[in-house]
Structure formats: C-alpha cells, structure tokens
Amino acid sequence: MYRSIRVLCSGLIIVLLFVSTGCSFSIPFNIRNLSDQAITVIYSLKDLSNGFAPRLKSENRAEDGTNYIQIPQDRISIDTENRVVEFKLLPNENVELYSVPDKLDNQYEKEFNLTNLHITGVDGSISLSGREIFKGFRPIKKSWYVFGPEITGFVFEYR
C-alpha cells in the first residue's frame, strides 16, 4: 500500500513538472518578406534584454531544437554599441527579431523593443518609428484548439 501511494505521488509530481514547463510561452516578433525581391531591414533596439541577433525561420530543426537558424554572416551587420541591426531578407523568408514572455494582460506594447524600423525593397521603402512600428505588427491569434496564450506572436508582412 505504501509503495503504491509513493508511486502515485511520484507520477503526480512528474506530470505537474511537465505541465508547469509547458505553460511557459514566448511571443515572437517576426518580419516576413512576401515579395518576390530581396529586402534590406534596418532596426534599432531600446535595449538588449530580449536578445539582439535576429534568426531565420527554417523548415528543419536547428541544433538548439527550434525551427530558427542564424542569418548568414554575409547578409547581416550588427552595431552593438548603437543597438542597430541590418540584414538582407530574401523572398519568402521569415525572421524572428526577438521574443518576449507571454503577458496575461496582452500588454505587449510595453515590452516592444524596437525604436526605428526601415525596410527597403526594389519598389520603395518603409520607415516607421515609435508607436507606428508596433501598430505595423499584426497579432497572430491562436486556433481554438491550441493550448496557450491568445496571441502566439506578431508579424510584419512586407509585400
């Protein structure tokens, strides 16, 4: 009897550990190049607390277990002193700029880390600053059958 209670409690602890680690979500801010031309993205960050180097979304799993890989060195330049990143994004590529922890109150603008965003393509350019940048990112809402936060990320789609 004592052994079965001990096994039951051990199993319950393991299940609770899996559930608690599964409830930690991060909300990514991505840019997608939906055009048929390469674009150049330049952005400035307020601070470096949420990461600095953008990552390309990949079809295959990377070494760290995610679907993101580093942008090739010949397509990116990072000025850490001024917190400015510049990179080239090829057609149909998706890049994560950074991510923030999930907020129960959905106040993601408080965590928004970009101060300037400039995108240049063959057909012209877009320059945004301040609150305009956050408004340019569209929230991605979860499907009704997916567990987790209501918003699963934000995306800026360049067409």
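Please treat every number below as a calculation from the coordinates, not as lab data. A quick note: this is a predicted structure, and the numbers were derived from the prediction, not measured. When we count neighbours, we look across all protein chains shown, and the Cβ atoms used for this are built from the backbone with ideal geometry, even at glycine.
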Most exposed first, judged by fewest Cβ atoms within 10 angstrom, Lys110, Lys142 run Lys110, Lys142
What's the exposure ranking of Phe154, Phe29, going from fewest to most Cβ atoms within 10 Å?
-> Phe154, Phe29
For segment 75-137, size of Cβ-based charge dipole, Lys and Arg +1, Asp and Glu -1, in debye | 80 debye
List every residue whose amide H lies under 5 Å from the amide H of Ser58, counting only residues 5 or more places away in sequence or on a different chain, with H placed 1.01 Å from N in the peptide plane.
-> Tyr68, Ile69
Which of the lysines could be linked to Lys110 by a straight reach, that is with a Cα gap under 17 Å, when you skip same-chain ones fewer than 8 residues away?
-> Lys46, Lys135
Just round it to a whole percent: the fraction of Cα-Cα distances in segment 56-145 exceeding 18 Å.
-> 60 percent
About its Cα centre, what dipole magnitude does segment 25-158 give when the only charges are +1 on Lys and Arg Cβ and -1 on Asp and Glu Cβ, stated in debye to the nearest 20?
-> 300 debye
Paramagnetic label zone (point 7 Å from Cα along Cα-to-C-beta, Asn82; backbone N under 19 Å) in segment 112-138 | 114-120, 126-130
